[in-house]
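Below is one structure, written out as structure tokens; the observations come after it.
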Amino acid sequence: MNTPESTPDMPLEQRARGLYHEAARNLDPATAGRLRAARREALAGTRHRTAHHVARWLVPSGACAVIALAALLAWPSAPRPGGTSPTAAVASGEADSVLPPDPEQADPTLYQNLDFYGWLAANGATPPAH
């Protein structure tokens, strides 16, 4: 039988590899079974630790994501393009138009006394003469 330690000019790594392979071939089945069981147990332990490690970081990262979403929703948005304010409508001359202003653009105090405006329209808008 050819043994790896018989040649002194082989590098140490190659001789060690050869000895390992020869020992693995000559292993009895009971020892090989115990080694396989130990390997499976060691690998199962690393999987469990990895899952625990991921779960430990999942909660804080989820909390940060929720905080970022809440900040995004609470942040005041920019004004919409194309929307005009009531002061812009008065400045551009749209206040004298025949149609009433849109509810989004009109002053909310105009809608407080609608009964008065209805009475005023029914009784005439001209002031009485003295």
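The values are calculated or read from the model by the stated rules, or taken from the named source; none is laboratory data. Predicted model only: the values in this text are computed from it and were never measured. Virtual Cβ from ideal backbone geometry, glycine too; neighbours counted across all protein chains shown.
The table below gives the values:
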read-out	value
Some residue of the stretch 5-21 being closer than 30 Å to Pro108 by Cβ, loosely packed, with under 10 Cβ neighbours inside 10 Å and modelled with pLDDT of 85 or more	no
Residue match in the stretch 99-113 (condition: modelled with pLDDT under 80 and more than 47 Å from the chain's Cα centre (by Cα))	yes
Residue selected from the stretch 34-54 under the condition hydrophobic (A, V, I, L, M, F, W, C) and modelled with pLDDT of 70 or more, by the criterion farthest from the chain's Cα centre (by Cα)	Leu35
So Val90, is it assigned by TED's automatic domain parsing to the domain that holds Gly118, at pLDDT below 90 and surrounded by 11 or more Cβ atoms within 10 Å (Cβ to Cβ)	yes
Neighbours by Cβ (under 8 Å, 6+ apart or cross-chain): first from the stretch 24-53, surrounded by 10 or more Cβ atoms within 10 Å (Cβ to Cβ); second modelled with pLDDT under 90 and not in a helix (DSSP H, G or I)	Leu35/Leu27
